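So the structure is just underneath, and the comments pick up after that.
The values are calculated or read from the model by the stated rules, or taken from the named source; none is laboratory data. Bear in mind that the values here come from a model prediction, so they are computed numbers and not experimental data. Glycine gets a Cβ as well: all are built from the backbone with ideal geometry, and neighbour counts include every protein chain shown.
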């Protein structure tokens with residue numbers, strides 16, 4: 001019976017570009033159906049991609065496509081390793097055409113590329129209709145300008161795209177787990193009613209979707225949780241049988257660690273109710289899941305249970321959210337904390353004096369300020385250690401760029417108008433996108449698969 | 001067996017994730033022996049207290065005995081989350097260490113991993 005191997009080459013846009021190279025090498029040496037997935041599409045990323053597409057209809061796919069795929073495309077094609085990725089972003093068809101062009105540049109012949117579309121609701125619903133749907137997360141849309149609206153597709157369309165024989169499948173917004181569950185449904189013939197199998201496949205996808213977060217990254221705590229060779233960490237590979245048996249491992253000769261502890265941390269990552277993890281394919285119950293080390297850097301995961309999926313799909317609506325303005329300045333050496341706190345009080349007073357209406361956060365980094373609330377810290381005042389190195393940070397969100405700039409400039413002006421020894425100012429003014437989650441009827445969403453011929 | 005009071009960090013590890021303005025923080029014992037004591041002592045109330053200054057409104061704890069692990073879901077812990085927080089950590093990714101550092105537990109020494117830096121300190125403290 002055929003075993004499916006799925007390697008994950010990226011857990012977010014900006015993950016190590018060459019991480020998939022050892023995966024491809026390892027997959028080339030095993031028999032079975034082999035896939036390489038890349039997850040690069042955060043909620044906000046899609047809004048940025050949508051803007052790019054409006055400016056140029058050929059764009060709007062992930063700009064990271066050209067950083068990741070050239071390193072592996074030829075070897076994957078040579079060894080029959082198929083690629084599934086959400087680098088399609090706001091333009092899966094455009095991404096597919098780009099992959100063809102890339103194949104041409106690399107001298108690859110006979111590459112078949114498929115794109116999955118239908119997640120983009122702006123193509124099938126009016127903005128007014130979108131505004132009427134039930135919000136499950138985030139503040140009311142009101143009249144804020146909608147930049148993007150995408151439903152989370154499930155694994156079915158991914159399996160459908162693989163059924164065309166495509167070597168590379170480009171999707172936009174699907175669940176991250178669908179990148180793995182799609183190949184498993186395709187190869188093992190799992191159907192919509194095979195709920196426990198779909199549940200195991202969803203666990204597989206969930207464990208892989210953040211890349212090395214399951215194989216020793218985002219884990220090390222020196223002296224407590226040590227992991228070898230983070231600089232050349234091995235990204236994960238899942239081995240999945242038709243009966244749902246699942247093993248997480250990593251390529252030989254790489255750094256990192258696959259252990260019970262690394263797998264359990266990732267199993268619960270971004271999970272709320274572990275008995276009811278909602279996906280378009282299955283409601284996942286990990287309450288009885290068991291995790292067992294079966295060898296060096298090999299961990300078996302079993303016992304996921306599935307219930308029928310919900311009638312609705314989740315969709316993310318991205319809206320304009322004004323501007324974020326930030327400014328930072330450092331103080332170091334004797335009495336540094338007192339100087340930093342004086343600087344912070346100056347910025348607060350100045351923001352009041354110039355009439356900033358939006359809430360401003362002013363904090364002293366180096367005092368565990370990252371744990372503090374906007375309106376105050378958890379620490380009692382009066383820190384004993386006053387030397388060291390501290391960084392004052394001010395931040396504001398405003399509909400107006402001018403306000404964001406003004407607050408940031410109040411930190412800049414500390415250079416010549418603040419306490420002694422202020423140094424290393426950095427300013428950052430950036431446009432913001434905010435997201436709102438809504439539920440929509442499945443019937444409103446029609447996923448489609450297109451095999452894209454050469455551009 | 002001597003019982004010591006240590007930060008949760010001595011006996012458990014954790015990872016934080018987010019969805020909107022809600023944070024989830026897993027708490028996983030290094031040694032299964034510690035699990036029952038953690039379930040007893042690391043309560044929803046204590047976790048909520050750690051997030052009070054950020055405006056958190058409720059904590060729901062899920063116990064996964066087979067792993068073993070606990071999962072805490074903290075409502076309104078992120079000041080609007082990545083959409084609207086003014087802090088550096090809109091996702092609340094550092095908050096796992098807030099829980100590990102600010103909550104203490106009373107456990108027998110054998111709940112602490114043998115190589116733990118805390119074990120040496122705890123033994124010295126007993127003397």
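Taking the conditions exactly as written (within 10 Å of chain B (Cβ to nearest Cβ), in contact (Cβ under 8 Å) with a residue 24 or more places away in the chain, more than 30 Å from residue A:426 (Cβ to Cβ) and not in a loop (DSSP other than H, G, I, E, B)), does residue A:291 satisfy them or not?
Details: within 10 Å of chain B (Cβ to nearest Cβ): yes; in contact (Cβ under 8 Å) with a residue 24 or more places away in the chain: yes; more than 30 Å from residue A:426 (Cβ to Cβ): yes; not in a loop (DSSP other than H, G, I, E, B): yes.
Criteria met by residue A:291.
Among the residues that make up region A:208-223, is at least one of them in a loop (DSSP other than H, G, I, E, B) and under 22 Å from residue A:48 (Cα atoms)? Break it down into steps so the answer makes sense when it comes.
Going through region A:208-223, the residues in a loop (DSSP other than H, G, I, E, B) turn out to be A:209-210, A:215-220, A:222-223.
Then keep just the ones that are under 22 Å from residue A:48 (Cα atoms); that gives A:209-210.
Yes, region A:208-223 has at least one match.
Would you check if residue A:97 is within 14 Å of chain B (Cβ to nearest Cβ), farther than 20 Å from residue A:20 by Cα and assigned to a helix (DSSP H, G or I)?
Details: within 14 Å of chain B (Cβ to nearest Cβ): no; farther than 20 Å from residue A:20 by Cα: yes; assigned to a helix (DSSP H, G or I): yes.
Answer is no for this residue.
Within region B:51-67, restricting attention to residues that are assigned to a loop (DSSP other than H, G, I, E, B) and surrounded by fewer than 17 Cβ atoms within 10 Å (Cβ to Cβ), which residue is farthest from the other protein chains (Cβ to nearest Cβ)?
From region B:51-67, those assigned to a loop (DSSP other than H, G, I, E, B) are B:51, B:55-57, B:65-67; that's our starting set.
Those still in the list that are surrounded by fewer than 17 Cβ atoms within 10 Å (Cβ to Cβ) too: B:55, B:57, B:65-66.
On the way: B:55: 6, B:57: 13, B:65: 9, B:66: 5 Å.
Looking at the filtered set, the residue picked out is B:57.
Which count do you get for residues in region A:294-313 that are more than 14 Å from chain B (Cβ to nearest Cβ) and assigned to a loop (DSSP other than H, G, I, E, B)? Can you show your working first?
To start, the set of residues in region A:294-313 that are more than 14 Å from chain B (Cβ to nearest Cβ) comprises A:294-298, A:306-313.
Retained after the next criterion (residues that are assigned to a loop (DSSP other than H, G, I, E, B)): A:296-297, A:308-311.
Number satisfying all stated conditions: 6.
So which residues in region A:266-280 are crowded, with 23+ Cβ neighbours inside 10 Å and within 11 Å of chain B (Cβ to nearest Cβ)?
If the condition is that a residue be crowded, with 23+ Cβ neighbours inside 10 Å and within 11 Å of chain B (Cβ to nearest Cβ), then A:266, A:267, A:268, A:274 are the ones that fit.
Tally up the residues in region A:320-371 that are in contact (Cβ under 8 Å) with a residue 60 or more places away in the chain and either under 30 Å from residue A:148 (Cβ atoms) or assigned by TED's automatic domain parsing to the domain that holds residue A:45 (or both), please.
Of the residues in that region, 8 qualify.
Count, please, the residues in region A:168-205 that happen to be outside any loop (DSSP other than H, G, I, E, B) and crowded, with 24+ Cβ neighbours inside 10 Å.
Within region A:168-205, the first condition is being outside any loop (DSSP other than H, G, I, E, B), and the residues that meet it are A:168-170, A:174, A:178-188, A:195-205.
Subsequent filtering for residues that are crowded, with 24+ Cβ neighbours inside 10 Å retains A:168-170, A:174, A:178-185, A:198-205.
The total comes to 20.
Does any residue of region A:129-149 turn out to be modelled with pLDDT of 90 or more, assigned to a loop (DSSP other than H, G, I, E, B) and surrounded by fewer than 23 Cβ atoms within 10 Å (Cβ to Cβ)?
yes
May I ask you to list the residues in region B:2-17 that are in a loop (DSSP other than H, G, I, E, B) and surrounded by 24 or more Cβ atoms within 10 Å (Cβ to Cβ)? Explain how you work it out, then say what you get.
Filtering region B:2-17 for residues in a loop (DSSP other than H, G, I, E, B) gives B:2, B:11.
Once the filter is applied, which keeps residues that are in a loop (DSSP other than H, G, I, E, B) and surrounded by 24 or more Cβ atoms within 10 Å (Cβ to Cβ), region B:2-17 yields only B:11.
Would you check if residue A:184 is in contact with a strand residue (DSSP E or B) (Cβ under 8 Å, 6 or more places away or on another chain) and within 17 Å of residue A:4 (Cα to Cα)? Working first, answer last.
Working: in contact with a strand residue (DSSP E or B) (Cβ under 8 Å, 6 or more places away or on another chain): yes; within 17 Å of residue A:4 (Cα to Cα): yes.
Answer is yes for this residue.
Matching residues to (1) free of Cβ contacts under 8 Å to residues at least 40 places away in the same chain; (2) within 12 Å of chain B (Cβ to nearest Cβ):
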| position | (1), (2) |
| --- | --- |
| A:387 | no, no |
| A:390 | no, no |
| A:400 | no, no |
| A:407 | no, yes |
| A:412 | no, no |
| A:416 | yes, no |
| A:429 | no, no |
| A:433 | no, yes |
| A:442 | no, no |
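Can you name the number of the only condition in (1) at pLDDT below 95; (2) buried (at least 22 other Cβ atoms within 10 Å of the Cβ); (3) touching a strand residue (DSSP E or B) at 6+ places or on another chain (Cβ under 6 Å) that residue B:21 fails?
(3)
Residues being under 14 Å from the mean Cα position of the chain (by Cα), assigned to a strand (DSSP E or B) and either free of Cβ contacts under 8 Å to residues at least 40 places away in the same chain or more than 9 Å from chain A (Cβ to nearest Cβ) (or both): count how many of those fall in region B:71-102.
Our first condition is that a residue be under 14 Å from the mean Cα position of the chain (by Cα); within region B:71-102, this holds for B:71-74, B:92-102.
If we keep only those that are assigned to a strand (DSSP E or B) too, we end up with B:71-74.
Add one more test, that the residue is either free of Cβ contacts under 8 Å to residues at least 40 places away in the same chain or more than 9 Å from chain A (Cβ to nearest Cβ) (or both), and what stays is B:72, B:74.
Residues that pass the stated criteria total 2.
Report yes if some residue within region A:371-393 is part of a helix (DSSP H, G or I) and at pLDDT below 95; otherwise report no.
The initial filter retains those residues of region A:371-393 that are part of a helix (DSSP H, G or I), namely A:371.
Remaining after also requiring at pLDDT below 95: A:371.
Checking region A:371-393: at least one residue is part of a helix (DSSP H, G or I) and at pLDDT below 95.
Looking at A:52, A:102, which one is within 27 Å of residue B:83 (Cβ to Cβ), without any contact (Cβ under 8 Å) to a residue 60 or more places away in the chain, in a helix (DSSP H, G or I) and assigned by TED's automatic domain parsing to the domain that holds residue A:158? Working first, answer last.
Working: A:102 fails: within 27 Å of residue B:83 (Cβ to Cβ).
Step by step, each of A:52, A:102 is checked, and only A:52 is within 27 Å of residue B:83 (Cβ to Cβ), without any contact (Cβ under 8 Å) to a residue 60 or more places away in the chain, in a helix (DSSP H, G or I) and assigned by TED's automatic domain parsing to the domain that holds residue A:158.
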